[in-house]
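Beneath this line is the structure, given in structure tokens, with notes to follow.
The values are calculated or read from the model by the stated rules, or taken from the named source; none is laboratory data. Only a predicted model underlies this, so the values are computations on that prediction, with no experimental measurement involved. Glycine gets a Cβ as well: all are built from the backbone with ideal geometry, and neighbour counts include every protein chain shown.
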Amino acid sequence: MKLPSEKAASRRKKRATFDPLSPYELELADFFVRMAGIIGVSPSVAEIYALLYASPKALSFDEIQGRLGISKGSVSQGLKFLRGHEMILSTKDKGSRREKWQPTPSLAASIVTLLRNQVVPALEFSAPSLERVLNQAETVHASPEVLERLRKLKHWNSRALELFPLLFPSAPKA
């Protein structure tokens, strides 16, 4: 007679094993992690994108998790972030309900969307704050040099808000 633990062990599914990342996939992941860090995107999101970008086929959630060795939560949040920023597409094999993921066809369009979604809100959020900082500095009679720097910073933020949509226009909706 089998012990309960032996019965449970025999019922468990065997976990699939996945190939480790190749040297070029590791190098690509490092590249994307460094670039993503510039705009404050988490390393796990960059690693997921790099893996999908280097893959010749769409990958399932389990393949992504297994190849990268990151938590389910990190994969879930990463896919949600990438999908929300229009950087990946969901696909399904014919006759399957399992979702798979692949990068969008245009890296340039993906990066523009990511920048627009990350930078513009930060600039918009900063505008009233910079106005308050300048007003408070004027109220306490900060030095002319500091006031000039703050005025320049506020002006730079305003100009960036004006120019960003011209440099990175929204894609036309189909």
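Which residue, of 120, 112, is over 25 Å from residue 47 (Cβ atoms), under 20 Å from the mean Cα position of the chain (by Cα) and either among the small types (Gly, Ala, Ser) or assigned to a helix (DSSP H, G or I) (or both)? Going through 120, 112 in turn, the sole match is 120. Comparison of 153, 161, 134 shows that the only residue that is in contact (Cβ under 8 Å) with a residue 24 or more places away in the chain, assigned to a helix (DSSP H, G or I), surrounded by 11 or more Cβ atoms within 10 Å (Cβ to Cβ) and not assigned by TED's automatic domain parsing to the domain that holds residue 37 is 161. Take residue 1 and tell me if it is surrounded by fewer than 18 Cβ atoms within 10 Å (Cβ to Cβ) and either over 30 Å from residue 160 (Cα atoms) or at pLDDT 90 or above (or both). Yes. Checked against (1) in a helix (DSSP H, G or I); (2) without any contact (Cβ under 8 Å) to a residue 12 or more places away in the chain, residue 142 meets all criteria but (1).
Would you confirm whether or not the stretch 65-84 contains a residue that is at pLDDT 95 or above and touching a Pro at 6+ places or on another chain (Cβ under 7 Å)? No, there is no match, as no residue in the stretch 65-84 is at pLDDT 95 or above and touching a Pro at 6+ places or on another chain (Cβ under 7 Å). Within the stretch 48-78, no residue satisfies the criterion of being in contact with a helix residue (DSSP H, G or I) (Cβ under 9 Å, 6 or more places away or on another chain), free of Cβ contacts under 8 Å to residues at least 24 places away in the same chain, closer than 19 Å to residue 102 by Cβ and not polar (S, T, N, Q).
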